[in-house]
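The values are calculated or read from the model by the stated rules, or taken from the named source; none is laboratory data. Note that the coordinates shown come from a computational prediction; the quantities given were computed from them, not determined experimentally. Quick reminder, even Gly has a Cβ in these numbers, built from the backbone with ideal geometry, and neighbours come from all protein chains shown. Side chains included, ligands, DNA and RNA excluded: accessible areas come from the protein's heavy atoms. Shrake-Rupley method; radii C 1.70, N 1.55, O 1.52, S 1.80 Å.
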Amino acid sequence: QVGSMGIHYDLTARKQLEQELATAKHLADEARQAEKQFLANMSHEIRTPLNAIIGMSHLLFDTRPTAQQQEYIEILQTSADFLHSLISDLLDMTKIEAGRIEVQSRPFDLAGLMRGTQKVFEMKLQGRPIDIDVMLDARINGDFIGDDVMLNQILTNLVGNADKFTEEGSIQISARIRKEEQNQCWIEFSVTDTGVGIPTEKLGLVFQKFKQVNPQGHKHKGTGLGLAITKELVEIQGGTIQVKSRVGEGSVFTFILPFTRSATQSAPVPVPEL
Ligand code: ADP
């Protein structure tokens, strides 16, 4: 008797527990959904006015401002740009942490994407003694299938850092095929700069959130989120990233990502014999 009563009790308790669990799961799903909606709305609500501020401040330059007004406009622009990157980083990190970022693969022109990054930064670097070059393995031609948006964000983050931490010299963006079998290939990218460098003992920290590890005395604005986001974006695609650096000489960020060669691509152009 005691035994069967015991079993009866256990079953009731178990049923109750299962019910509570189901309710909790349902609530968690609802909360996730609400969070997703909230983030999407916030992201839109914040970006829209901010883009207006940035756009209008650029238009103000066309209204023949006085020297003093020009100075104010520049401050307005710098602050708005900084706020924009801060908010983008925070929203990206939130998205990643909520596990709501997905790899979206499609065919794209990889060499073209890299040259595009080079062009954008060439304009930014105008007037500063820094060259920006792209170096490509000859086998990187035609379309590759992968997430071009993520690749672009990774490169932009790394080249953006190279720009922030380099006074003079060069920034080099390069890509080479590390391994290719059938149509699958692993491509190694690197962003090399001749900037301030990172102390050896701090190298392990740079990919952590909110860590800023400049050598003493070097000041800059930033969130310390850029490299944490970059690492997540590389790893979510099945890749790896690492850094080598020497204070006073520069840094090299290297990441490897998998791609598939697009079937529609034309055969590589044979190099003519001399
Ligand atoms: P943020 O640039 O917003 O501070 P990041 O996550 O992009 O944040 O970088 C973290 C830290 O790593 C930077 O604050 C800087 O100290 C260091 N760092 C990143 N890239 C470079 C670079 N190319 N050269 C020197 N230091 C760098």
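In summary, residue 34 fulfils each of the numbered conditions (1) more than 22 Å from the chain's Cα centre (by Cα); (2) at pLDDT 85 or above with the single exception of condition (2). In this structure, is residue 58 farther than 17 Å from residue 98 by Cβ and modelled with pLDDT under 90? Against the criterion (farther than 17 Å from residue 98 by Cβ and modelled with pLDDT under 90), residue 58 qualifies. Residue-level analysis places residue 161 among those that are surrounded by 15 or more Cβ atoms within 10 Å (Cβ to Cβ), among the polar types (S, T, N, Q) and closer than 22 Å to residue 235 by Cβ. Residues of region 180-194 that are open to solvent by less than 40 Å² (accessible area, probe 1.4 Å), more than 9 Å from the ligand (Cβ to nearest atom) and of a type in the set (Val, Ile, Thr): 187 alone. Going through (1) on the phi > 0 side of the Ramachandran plot; (2) surrounded by fewer than 17 Cβ atoms within 10 Å (Cβ to Cβ) one by one, residue 197 falls short only on (2). If you go through region 248-274 one residue at a time, how many are modelled with pLDDT of 95 or more and among the aliphatic types (A, V, I, L, M)? Residues that pass the stated criteria total 3.
Could you list, in sequence order, the residues of region 53-75 that are among the charged types (D, E, K, R) and open to solvent by 100 Å² or more (accessible area, probe 1.4 Å)? Selection gives 62, 64, 71. For region 129-148, a residue qualifies if it is open to solvent by 40 Å² or more (accessible area, probe 1.4 Å) and either at pLDDT 95 or above or assigned to a strand (DSSP E or B) (or both), and the qualifying residues are 129, 131, 133, 135, 136, 143, 145.
Identify, please: which residue in region 230-258 is more than 14 Å from the chain's Cα centre (by Cα) and outside any strand (DSSP E or B) and is, among those, surrounded by the most Cβ atoms within 10 Å (Cβ to Cβ)? In this case the residue turns out to be 247. For region 166-179, the candidate set comprises residues that are without any contact (Cβ under 8 Å) to a residue 60 or more places away in the chain and away from the ligand (no atom under 14 Å from the Cβ); within that set, the residue that is surrounded by the fewest Cβ atoms within 10 Å (Cβ to Cβ) is 179. Within region 80-106, being without any contact (Cβ under 8 Å) to a residue 60 or more places away in the chain and outside any loop (DSSP other than H, G, I, E, B) holds for 80, 81, 83, 84, 87, 88, 91, 94, 95, 97, 106.
Scan region 206-229 and give yes if some residue there is in contact with an Asp or Glu (Cβ under 8 Å, 6 or more places away or on another chain), more than 9 Å from the ligand (Cβ to nearest atom) and outside any helix (DSSP H, G or I), otherwise no.
Applying the first criterion (in contact with an Asp or Glu (Cβ under 8 Å, 6 or more places away or on another chain)) to region 206-229 yields 223, 225-226, 229.
With the extra rule that they be more than 9 Å from the ligand (Cβ to nearest atom), the set shrinks to none.
The answer is no; no qualifying residue exists.
Looking only at region 149-158, count every residue that is crowded, with 16+ Cβ neighbours inside 10 Å and of a type in the set (Val, Ile, Thr) and tell me the total. Matching residues across region 149-158 total 2. Residue 157 - would you say it is touching a residue at least 60 places away in the same chain (Cβ under 8 Å), polar (S, T, N, Q), under 25 Å from residue 171 (Cα atoms) and assigned to a helix (DSSP H, G or I)? Yes.
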